[in-house]
1. Out of all the residues in segment 57-78, is one or more more than 18 Å from Thr157 (Cα to Cα) and of a type in the set (S, T, N, Q)?
2. How many residues does segment 62-96 contain that are of a type outside the set (Phe, Trp, Tyr) and within 17 Å of Asp48 (Cβ to Cβ)?
3. From the residues in segment 83-98 that are part of a helix (DSSP H, G or I) and not polar (S, T, N, Q), which one is nearest to Lys123 (Cα to Cα)?
4. Looking only at segment 98-129, count every residue that is within 13 Å of Leu159 (Cβ to Cβ) and crowded, with 17+ Cβ neighbours inside 10 Å and tell me the total.
5. Residues of segment 45-83 being in contact with a Gly (Cβ under 8 Å, 6 or more places away or on another chain), among the hydrophobic types (A, V, I, L, M, F, W, C) and free of Cβ contacts under 8 Å to residues at least 60 places away in the same chain, which ones?
6. I'd like the residue in segment 84-96 that is out of contact with any Gly (no Cβ under 9 Å at 6 or more places or on another chain) and more than 20 Å from Gln151 (Cα to Cα) and, out of all such residues, is surrounded by the most Cβ atoms within 10 Å (Cβ to Cβ).
7. Taking only segment 64-82 into account, find how many residues are in a strand (DSSP E or B), at pLDDT below 95 and surrounded by fewer than 23 Cβ atoms within 10 Å (Cβ to Cβ).
8. Within the bounds of segment 38-56, is there any residue that is modelled with pLDDT of 95 or more, of a type outside the set (Asp, Glu), part of a strand (DSSP E or B) and surrounded by 14 or more Cβ atoms within 10 Å (Cβ to Cβ)?
Amino acid sequence: MRKLFGRRPSRKVPDWYPDWRHKAFHELMQKTQRLSEDFCISKWPRYDYDLRLGKLFFLEDGVVRVFADVQVAGSTSAKAGNWCWSWANAHWPENMTVDAQQARDFGEEHRIAELAQDYVKAKGGDFNSLGWELTSVLVRIVEAEGAYRPQPGDDDTGLFLILKNVGWADAGCQEAGAEFQGRTLTHSGVAVRH
């Protein structure tokens with residue numbers, strides 16, 4: 001077992017952390033509601049992302065309607081039975097893990113093993129809940145606007161992204177990259193390897 005903090009990791013967490021983590025989850029729920037109301041995030045028929053650019057796009061009829069800057073929080077794997085932080089996965093572009101590294105730093109500073117260790121086991125096999133809970137902690141730490149989870153792959157691997165600078169493409173397509181306005185996009189080809 002990987003040593004954290006100069007010794008074996010303890011299951012004990014700071015007294016304040018469980019409540020802080022619970023509040024982070026509820027804050028993410030509120031942010032998700034706001035994104036749904038302000039940008040119809042859950043209603044667009046298609047999404048695409050390009051992790052080389054760090055962008056997520058929501059499309060309708062092949063036209064980008066909403067965009068966001070993204071960072072990879074981490075991924076879940078039914079096969080591995082765990083969550084893997086993006087900073088621990090060498091397959092992610094390093095520029096896509098900067099925010100997740102802040103969760104690791106926070107975990108090391110406060111001796112919170114689930115934030116500072118590469119992998120976290122899902123209790124009871126509920127990988128989706130674990131992914132959302134740890135993503136909500138990251139959203140709180142970096143003050144992101146929200147999070148998004150694309151549909152799981154055929155191998156039941158879940159990808160969790162945090163969202164920043166969410167906007168309407170009509171109002172800000174220059175900032176989002178005008179080359180994407182009106183085009184159907186495909187995923188960048190960066191595979192989730194867990």
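The values are calculated or read from the model by the stated rules, or taken from the named source; none is laboratory data. Since the structure is predicted, the reported quantities are computational estimates derived from the model, not experimental observations. Cβ coordinates were reconstructed from backbone atoms using ideal geometry, including for glycine residues, and neighbour counts include every protein chain displayed.
1. Kept after step one, since they are more than 18 Å from Thr157 (Cα to Cα), are these residues of segment 57-78: 57-70.
If we keep only those that are of a type in the set (S, T, N, Q) too, we end up with none.
No - not one qualifying residue is present in segment 57-78.
2. Number satisfying all stated conditions: 12.
3. Looking at the filtered set, the residue picked out is Ala88.
4. So the answer is 2.
5. Selection gives Trp83 alone.
6. Glu94
7. 2
8. Looking for residues that are modelled with pLDDT of 95 or more, of a type outside the set (Asp, Glu), part of a strand (DSSP E or B) and surrounded by 14 or more Cβ atoms within 10 Å (Cβ to Cβ), one finds at least one in segment 38-56, hence yes.
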